[in-house]
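Below you'll find the structure, written out as structure tokens, and then a few comments.
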Amino acid sequence: IRCWSNIPFITVPLSRAHGKSFAHRSELKHAKRIVVKLGSAVVTRGDECGLALGRLASIVEQVSMLQNQGREMMIVTSGAVAFGKQRLRHEILLSQSVRQALHSGQSQLKDMAIPVLEARACAAAGQSGLMALYEAMFTQYSICAAQILVTNLDFHDEQKRRNLNGTLHELLRMNIVPIINTNDAVVPPPEPNSDLQGVNVISVKDNDSLAARLAVEMKTDLLIVLSDVEGLFDSPPGSDDAKLIDIFYPGDQQSVTFGTKSRVGMGGMEAKVKAALWALQGGTSVVIANGTHPKISGHVITDIVEGKKVGTFFSEVKPAGPTVEQQGEMARAGGRTLAALQPEQRAEIIYRLADLLTDQREEILLANKKDLEEAENKGRLAIPLLKRLSLSTSKLNSLAIGLRQIAASSQDSVGRVLRRTRIAKDLDLEQVTVPIGVLLVIFESRPDCLPQVSALAIASGNGLLLKGGKEAAHSNQILHHLTQEALSIHGVKDAVQLVNTREEVEDLCRLDKLVDLIIPRGSSQLVRNIQKAAKGIPVMGHSEGICHVYVDTDASVEKVTRIIRDSKCEYPAACNALETLLIHRDLLRTPLFDQIIDMLRVEQVKIHAGPKFASYLTFSPSEVKSLRTEYGDLECCIEVVDSVQEAIEHIHKYGSSHTDVIITENDKTAEFFLQHVDSACVFWNASTRFSDGYRFGLGAEVGISTSRIHARGPVGIEGLLTTKWLLRGDNHVVSDFSEHGSMKYLHESLPLPQRNTN
């Protein structure tokens, strides 16, 4: 730990042999020496006169944080001309106002004109003020900054180059942040771009080329170029169909059309790309990103260093497969083709997948065995997660049965007419079911999820992006291969895509133009992280499975222990397993209560006492730390309540709206519980484990939703559909229905077509 001004910072262990740039974004966190280039549009205000002080302060804060982590930070900055322009305008206005006040009176002050200011003079007037501002800001973080002004000649003179190199190394050694700028007060006019195609030299004609030259000279790990656009687009930003390029590779220039340059500054995006490619060739990784956007500028530099998907990353290593953006587009196109198939064709694909799960059983189990062995050797997974990771013959058989159920029930899922209305004569309206679009399903430690979700997506005509956990890589690979083999029988192989790139989950959640719905399958922490990270994309799921069983005074002795045992012990890692057992106070110290405790002890269930339960006992089990705990193991909490009403209030206060159960023989009490508990699934005299798509007859589920919009509970095919309206008319216009028009609204309900029951 290193400390400056009472602020502790973690020193990051950083070491890397220079000479080869980073291949992937995830490696950027290992960058030791970093150059941050601040474009004129980033540093200056919108009126091009003066500095954007708030933005600059945020950048200094991020650079300081990285410097205090043990990195070596350098800044190549613009802004001297803008700062000087502001100062000179102020001086000229002041001078003119005094002269005109003396000679012409106040009436002509408003007619004063500001002369065109020469850029070199502005730079000369602004350099000292700009540096003073940087020094004041860095001082707040107990960091010293030093100014270095350079010109192109300094790089062409070998002695000056060595001097510059030595100065920079000495400053970095002393934990000082060098702030470098072209000496615009004496710099010559820019020359034609004659040397950027060379491999050994680049002229310093703007701060982009200066930053690239400096990065290579100093053997920098990372160059961050901040501008006023999100990064590099395949066509000028703002034009139709312009798409942000996530990763840019040498040789891709031919596929890019450059637009005009920034509102201020010397270079445009073309100059930035050429400088970036030159730096990349010299062994420095480059990211071009937006440093002006108010929502991201406060953390854009730290996000880039953390490996997040910000801006355009320049890489020399081209991946073997498609990018995740390309996979999203393939899933979209494949999903639309899938939705256009006949229902029996989609069912045929699912039947084929079910057959492959049993026919290729040995290959699947062999791949799964590799995953299990690797997980056990690394010791990364807890026992409940290892159980979820494991596949077996019986699991595969159950999967196949579930898939056949989906195929049988999906015959009229897409295109089903829900409502028909005659708006007017020869004007009929229909509401029909359609796919949602592209689903992104993120799951961990559960390879059986892949064929289940794939079958539901196929049945509902949705494109699908799958992101599985690394611990199930071998299993997921073969299951996805079999899924695509089944899809190939009707030429829709691309509809289901498995994301194998190093994409972080948080980055996937930002694909709002490619993904229509995110469905997380995994731990409560995973779900919460996805809900937090999703930007403009709905998330369907539940963050926790805190399921309750309430034992009423009128409960049957025979039913209680069977239901509790099944709810807790049959599969304790499941999200629909019992976590809190609520017992009516009158049952304490009764034979039934003793039977419950004895059964839990035999099953080796660790008991945690709720506060009220603990107060009744002389020697109680360990008191629960929180009544909102999802154990996911052979553990549960026992709490005492005085009535069914108090049980309901407890469930609403501490539950997660997942699945809650009452055990009673009193019909009136049971109905009161069923009607008043506000959860996705509420059961009477049945195990919590019935909360499952397969057990509900849905064939399978993409997850269990506890949200209150669109779908709730186990989500099968119906939950993956939305609707659209079809209006069929004959030369109808709204003006015909006005007060003096010739037509009247009928709004008659029409009978629905017969559903296909074959």
Hey, could you check the stretch 718-741 for residues that are assigned to a loop (DSSP other than H, G, I, E, B) and at pLDDT 90 or above and say which is surrounded by the most Cβ atoms within 10 Å (Cβ to Cβ)?
HIS732
Of all residues in the stretch 434-474, which are open to solvent by less than 10 Å² (accessible area, probe 1.4 Å) and in a strand (DSSP E or B)?
VAL438, LEU439, LEU440, VAL441, ILE442, PHE443, GLY463, LEU464, LEU465, LEU466
Sort out which residues of the stretch 127-159 are among the aliphatic types (A, V, I, L, M) and assigned to a loop (DSSP other than H, G, I, E, B), and write them in order of number.
ILE143
Of these, ARG510, ARG521, which one is touching a residue at least 60 places away in the same chain (Cβ under 8 Å), closer than 28 Å to ARG336 by Cβ and touching a Phe, Trp or Tyr at 6+ places or on another chain (Cβ under 9 Å)?
ARG521
What about ALA382, is it farther than 25 Å from GLY693 by Cα and surrounded by fewer than 16 Cβ atoms within 10 Å (Cβ to Cβ)?
yes
Considering the stretch 125-144 alone, what residues qualify as being surrounded by 17 or more Cβ atoms within 10 Å (Cβ to Cβ), over 12 Å from ASN181 (Cβ atoms) and modelled with pLDDT of 85 or more?
LEU133, MET137, PHE138, TYR141, ILE143
Going by the conditions given, is ASN181 part of a helix (DSSP H, G or I), of a type in the set (S, T, N, Q) and at pLDDT 65 or above?
no
If you check every pair at least six apart or on different chains, which have Cβ atoms under 7 Å apart with a residue in the stretch 66-91 that is closer than 20 Å to ILE180 by Cα first and a residue that is acidic (Asp, Glu) and outside any helix (DSSP H, G or I) second?
ALA80/ASP184; VAL81/ASP184; ALA82/GLU48
Is it the case, given these coordinates, that ILE638 is farther than 26 Å from GLY541 by Cα, open to solvent by less than 20 Å² (accessible area, probe 1.4 Å) and not in a helix (DSSP H, G or I)?
yes
Of all residues being assigned to a strand (DSSP E or B) and not hydroxyl-bearing (Ser, Thr, Tyr) in the stretch 667-705, which is most open to solvent (accessible area, probe 1.4 Å)? Just the residue, please.
TRP684
Qualifying residues in the stretch 586-601 (those that are over 49 Å from the mean Cα position of the chain (by Cα) and in a loop (DSSP other than H, G, I, E, B)) - the one surrounded by the fewest Cβ atoms within 10 Å (Cβ to Cβ):
ARG589
Would you point out which residue out of GLY741, GLY713 is without any contact (Cβ under 8 Å) to a residue 40 or more places away in the chain and on the phi > 0 side of the Ramachandran plot?
GLY713
Considering only residues that are of a type in the set (Lys, Arg) and open to solvent by less than 60 Å² (accessible area, probe 1.4 Å), which ones fall in the stretch 318-365?
ARG332, ARG346
Out of VAL229, VAL256, VAL225, which single residue is at pLDDT below 75 and in the same structural domain as LEU164 (by the TED database)?
VAL256
Qualifying position, being assigned to a helix (DSSP H, G or I) and either under 30 Å from LEU403 (Cα atoms) or open to solvent by 10 Å² or more (accessible area, probe 1.4 Å) (or both), among HIS652, HIS608
HIS652
Count, please, the residues in the stretch 491-524 that happen to be over 14 Å from the mean Cα position of the chain (by Cα) and open to solvent by 50 Å² or more (accessible area, probe 1.4 Å).
4
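The values are calculated or read from the model by the stated rules, or taken from the named source; none is laboratory data. Just so it is clear, the model here is predicted, and its values are computed rather than measured. FYI the Cβ positions are ideal-geometry reconstructions off the backbone, even for glycines, and counts take in every protein chain you see. The accessibility values were calculated without ligands, DNA or RNA, using every heavy atom of the protein model including side chains. Shrake-Rupley method; radii C 1.70, N 1.55, O 1.52, S 1.80 Å.
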